[in-house]
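Structure first, commentary second.
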Amino acid sequence: MITDSTARRKVLKEIPVGDLKPDETVKANQEAQLLSQLHHPAILKFYSSFLERDAFCIVTEHCEDGDLDRKLEELRAEGNTLSEMQVIHWLVQLLLGVSYMHHRRILHRDLKAKNVFLKGNNMKIGDFGVSCLLMGSSDLATTFTGTPYYMSPEAISHRGYNSKSDIWSLGCILYEMCCLKHAFEGYNFLSVVMKIVEGSTPSLPESYSPELNSLMHRMLERDPRRRVSAEEALSCGVLEDLQKVHLQTLRERSEVEKMSPRERMRLRKLQAADERAKKLNIGLYFPKGQTSPFTPQGYVSFSQAIELLCHDSDIASGCSDLLSRTRLFVVFSSLAPPNHFHSFLNIPKANKHL
């Protein structure tokens, strides 16, 4: 753990270079520098890399909530599970991050729960590329450490590694988030490999929807040509709506980061005005068979012009979308008991000058 000049905490990781040839070491450092150009909320920020004696050092963003593997271990110990909504929320983030990488022709090659980090409720894909950058010309089989729980059938069979191999690993992570255990388990390395290559694909517990289970099976399709891509997975009905919400949140966050301090203050005032407007949302009462408001006995009806804020792309076409608001005076009509009549008439109006 290190701290920079702005007191931000960062992680310094040292990886032994071993028998890597000098030209391979230089190439690894050059390719690692390219990773620092990746900017996505679901990807761990990669700051820099350098060689120090016999170690390859990388400096990355610090995630205070640890990794997904530790989180799942805590859930197992507590006897708890993740809700489907939480699983989907995290899966959407991971797929968006992987899609971003694949569009830039970057493969992770080592996706697993230990390489996914948590920052609040946000996922951060980390440690990607590092293991393959340091492989050099060595044979893939010699790079295996431990049991290959997340490796795709084509990678194990030396039939090449492509973007669909990352999707297989995500499918394994999806199963692990739902079941708190690996999708393919065995007593030793060989037994796990045989289950991955020839075994049957497991299913999720019945507490999770058939749609999510179907998506997982499409991600764990043994033929990479038939396996879904990140884009196809995100367009699946069970993820599509949440993906739109998440993308909107990311877009708005990006817009805010580009704003000047004055614009941010103005946005906060707009949001406060929006909250006040929401509190004024009082419905009209329409008895069955009537198309006009009806005033129940003991209630009074009234109307008042109230200033509202609304989007107007024509009037504010040159502004940031978050600030493209204009004011509109409308007649607000509703019902209220007599003793509340005066309090409703004294509803505060939004400030005319933000």
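For this structure, a couple of remarks:
- Using a simple spin-label model with pseudo-atoms 7 Å out from Cα toward Cβ, Cys57 and Gln86 lie 3.8 nm apart.
- Extension gain, Glu211 back to Ala272 (0.36 nm per residue minus Cα-Cα distance, nm): 18.1 nm
- Among the listed pairs Lys13/Lys181; Lys45/Lys181; Lys71/Lys124; Lys10/Lys124; Lys112/Lys195; Lys45/Lys269, those with a Cα-Cα distance over 22 Å are Lys13/Lys181; Lys45/Lys181; Lys45/Lys269.
- Inter-probe distance in nm under a simple model that places probes 7 Å from Cα toward Cβ, at Arg225 and Asp23: 3.5
- Estimated inter-spin distance, Arg159 and Val11, nm [label 7 Å along Cα→Cβ]: 3.3
Any read-out appearing in this document is the output of simple, stated calculations on the displayed coordinates, not a laboratory observation. All values derive from a computational prediction rather than experimental measurement. Quick reminder, even Gly has a Cβ in these numbers, built from the backbone with ideal geometry, and neighbours come from all protein chains shown.
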